[in-house]
């Protein structure tokens, strides 16, 4: 990873690669569409791991303008994903996908670090 200065010089973040998180074509298309609808064509998807859910950890995803201090930014499939350093420990090697399925649709993370998942698929333990 390499450090990258932000255009305004105030935000310091690192550049990561697809070994941290990889985005599928379906997820890239949906993310690009969502960012354009919000007027954030150069924005990013923030993926965080927070405590909660029946297995102890769960993902939190938000659309953001760009990286914050200490974030790791990954460009994959022409979209940007930002991850804070603590969450990066849990998501390393993950794949972000998207499905239009009515029951289990939405963004999904396939995480090789997860040792257990809850039955609803919303949380995991590592």
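So which of 71, 62, 97 is touching a residue at least 12 places away in the same chain (Cβ under 8 Å) and out of contact with any helix residue (DSSP H, G or I) (no Cβ under 9 Å at 6 or more places or on another chain)? Reasoning before the result, please.
Values: 71 fails: out of contact with any helix residue (DSSP H, G or I) (no Cβ under 9 Å at 6 or more places or on another chain); 97 fails: out of contact with any helix residue (DSSP H, G or I) (no Cβ under 9 Å at 6 or more places or on another chain).
The match here is 62.
Residue check: is residue 112 at pLDDT 95 or above and in a loop (DSSP other than H, G, I, E, B)?
No: the conditions fail for residue 112.
Evaluate segment 6-20: report whether one residue or more is under 10 Å from the mean Cα position of the chain (by Cα), assigned to a strand (DSSP E or B) and buried (at least 20 other Cβ atoms within 10 Å of the Cβ).
No, there is no match, as no residue in segment 6-20 is under 10 Å from the mean Cα position of the chain (by Cα), assigned to a strand (DSSP E or B) and buried (at least 20 other Cβ atoms within 10 Å of the Cβ).
If you check every pair at least six apart or on different chains, which have Cβ atoms under 9 Å apart with a residue in segment 22-44 that is free of Cβ contacts under 8 Å to residues at least 24 places away in the same chain and at negative phi first and a residue that is surrounded by fewer than 20 Cβ atoms within 10 Å (Cβ to Cβ) and part of a helix (DSSP H, G or I) second?
Final answer for the pair search is 41/32.
The values are calculated or read from the model by the stated rules, or taken from the named source; none is laboratory data. Being a predicted model, the structure only gives us computed values, none of them experimental. Cβ: placed from backbone, ideal geometry, glycine included. Neighbour counts: every protein chain shown.
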